[in-house]
Amino acid sequence: MNNTETGKTALILGATGGIGAEIALALLRRHWTIRVLARSPAPADAIYGNASQCDWRIGDALNHDDVMNAARDVDVIVHAVNPPGYRDWDKLVLPMIDNTIAAATVNKARIVLPGTIYNYGPDALPEPGENSPQNPITRKGAIRVAIEERLKAACDYGAKALIVRAGDFFGPTARNNWFSQCLVKPATPVTKITYPGKSGIGHQWAYLPDVAETMAQLLCRETELDDFARFHMAGYWDHDGQQMINAIRRVSGQQSARVAALPWNLMKLAKFFVPFFREATELHYLWQQPIRLNNQKLVSFLGSEPHTDLDVAITRTLRMLGCMEIENPKSSLPSEHPST
């Protein structure tokens, strides 16, 4: 199969970020034409190996004309862009989605959005469904709800939307997440694991290559999707808050790595100086109680959910974060995605 046989083009916004990079790679494997809007293609070399396999357009997701020009004649716009460094969410996020919606409406394209659990307040817990009420108690959650409301409204004017919601992200290309900014320290061997939750409280995780593979499989069945389609992923359910810790110890070979509780009170003081802490402290409630997304709708539609073995996922993540040697003679890794 080649690009002309596939006949599909996707514009990726946020292609050098975690989920943006993974969905681009998943669609490239399917021989889609990938167009990228970025301020610079330079960061892509480490992710894609050869940035020339994508059609790079220099521009900014905050610039209406840049987005409109880059989106001309595309079938899909992957909206995986976020404000850099967690800064100015309230000022930048909605203008960016408005630019994406405008471009999708003109081109009758489908917008793909990675969903979050921030949309849900305590009234929807512990097992929110695709149609559960979205009454967030945080500023960031309210913005995420506003994004989805705008996407739904845009479907009345020619655009389409696909939202795939999952637990906390981790993966080889991801940087701004709990795994890489809290549980382990990048570029350092695993000797300490800092865990944000309480022992005995379940938590849900999502491996980014699996999220991207799920999105790609759904896009391959575009004609069967609702104009406004939402699916939940199961990912990895850590039933007691210990399974992720145990897996990190196991694959790193550091069984004696100590576990420390995240000092939430100190983070609340430091939030005035560290942008990630400011955003993270709002989400404390998500670590104080179990929240589990159900993937029944997704499995009913696809037949199964793409799922990489947890040890494989963590090994690849730790290697790319510089927490493990690239080659581990004790590991025999199966393929990334057993289902396609």
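The values are calculated or read from the model by the stated rules, or taken from the named source; none is laboratory data. Since we're looking at a predicted model, the values are computed, not measured. Every residue, glycine among them, receives a Cβ derived from its backbone with ideal geometry; neighbour counts consider all protein chains shown. When the accessible area is computed, the model is the full protein with side chains, heavy atoms only, and any ligands, DNA or RNA have been set aside. Shrake-Rupley method; radii C 1.70, N 1.55, O 1.52, S 1.80 Å.
Which whole-number percent gives the relative contact order of the chain, counting Cα pairs below 8 Å spaced six or more residues apart? Walk me through the numbers before you get to the answer.
On the way: 654 pairs, mean separation 57.2, N = 340.
For the chain, the relative contact order is 17 percent.
I'd like the antiparallel share, as a percent to the nearest 5, of DSSP beta bridges with both residues in the chain.
10 percent
Give me the one-decimal nm value for the distance between modelled label points at LYS152 and TRP237, 7 Å along each residue's Cα-to-Cβ direction.
That separation, rounded to one decimal, is 2.6 nm.
Using 0.36 nm times the number of residues separating ASN176 and GLN53, minus their current alpha carbon distance, what extension gain do you get?
41.7 nm
Multiplying the sequence separation of GLU127 and VAL259 by 0.36 nm and subtracting their Cα-Cα distance, what value in nm do you get?
Here the segment from GLU127 to VAL259 would lengthen by 44.7 nm.
As an exercise, use a Förster radius of 25 Å and the Cβ-Cβ distance of ASP98 and THR194 to find the FRET efficiency, rounded to the nearest 0.05. Please report the intermediate quantities before stating the final value.
Numbers: r = 37 Å, r/R0 = 1.49.
For R0 = 25 Å, the calculated efficiency reads 0.10.
Nearest 10 degrees, 0 to 90: what angle lies between the long axis of helix 18-29 and the longest principal axis of the chain (Cα atoms)?
Helix 18-29 sits at roughly 60 degrees to that axis.
Solvent-accessible area of TYR118, probe 1.4 Å, all protein chains present, reported in Å² to the nearest ten, please.
Using a 1.4 Å probe on the heavy atoms, I get roughly 40 Å².
At 1.4 Å probe size, with no ligands or nucleic acids counted, give the accessible surface of ILE326 in Å², nearest ten.
The value for ILE326 is about 100 Å².
Helix 208-219 sits at what angle to the longest principal axis of the chain, using alpha carbons and giving 0 to 90 degrees rounded to 10?
With rounding to tens, the tilt is 30 degrees.
I'd like the carbon and sulfur percentage of the solvent accessible area for the chain, probe radius 1.4 Å, heavy atoms only, ligands and nucleic acids excluded.
Result for the chain: 50 percent of the exposed heavy-atom area is carbon or sulfur.
Amide H neighbours of ARG39 under 5 Å, at least 5 residues apart or on other chains, H built in the peptide plane: list them.
Excluding prolines and chain starts, which carry no amide H, the hits are GLY59.
Between GLN289 and LEU266, how high is the FRET efficiency from 1/(1 + (r/R0)^6) when r is the Cβ-Cβ distance and R₀ = 25 Å? Nearest 0.05.
0.70
Please list, in order along region 161-167, the HN-Hα scalar couplings obtained from phi with the Karplus expression 6.51 cos²θ - 1.76 cosθ + 1.60 (θ = phi - 60°), rounded to whole Hz, x for Gly and Pro.
With coefficients 6.51, -1.76 and 1.60, one gets 9, 10, 10, 10, 9, 8, x Hz.
Looking only at Cα atoms, what is the convex hull volume of region 170-325 per residue, in Å³? Each step should come with its number before you reach the end.
Working: hull volume 19.7 nm³, N = 156.
Taking only Cα atoms, region 170-325 has a hull volume of 126 Å³ per residue.
To the nearest 10 degrees, how steep is helix 89-107 against the longest Cα principal axis of the chain, on a 0 to 90 scale?
The angle comes out near 40 degrees.
With both bridge residues required to lie in region 133-285, what share of the DSSP beta bridges run antiparallel, to the nearest 5%? Mind showing how you got there, number by number?
Details: 3 of 15 bridges.
Counting DSSP beta bridges with both partners in region 133-285, the antiparallel share is about 20 percent.
Can you list the residues, at least 5 places off or on another chain, whose amide H is less than 5 Å from the amide H of ILE193, using H built in the peptide plane?
ARG258, VAL259, ALA260
Would you mind checking which residues have amide H under 5 Å from GLY115's amide H? H placed 1.01 Å from N; only 5 or more apart, or other chain.
Hits under the 5 Å cutoff: VAL164, ARG165, ALA166.
Taking the simple approach of a point 7 Å from Cα along Cα-to-Cβ for both GLU282 and ASP90, what is their distance in nm?
0.9 nm
What number of lysine-lysine pairs in region 90-175 show an alpha-carbon separation below 17 angstrom, given a sequence spacing of 8 or more or placement on distinct chains?
4
Mean separation of Cα pairs under 8 Å and 6+ residues apart, divided by the residue count of region 165-276: what relative contact order is that in percent?
Working: 133 pairs, mean separation 38.9, N = 112.
Across region 165-276, relative contact order equals 35 percent.
Quickly work out the VAL274-to-ARG72 label distance, labels modelled 7 Å from Cα along the C-beta direction, and quote it in nm with one decimal.
Computed distance between label sites ARG72 and VAL274 equals 4.6 nm.
What trypsin sites (Lys or Arg not before Pro) does region 102-203 have in DSSP loop regions with at most 15 other beta carbons within 10 Å?
Within region 102-203, the qualifying trypsin sites (Lys or Arg not before Pro) (loop, at most 15 other Cβ atoms within 10 Å) are LYS108, ARG175, LYS198.
Among [x] 19.4, 57; [y] 19.8, 61; [z] 23.0, 80, which one is Rg and Dmax of the Cα atoms in Å computed from these coordinates?
Matching the structure shown: [x].
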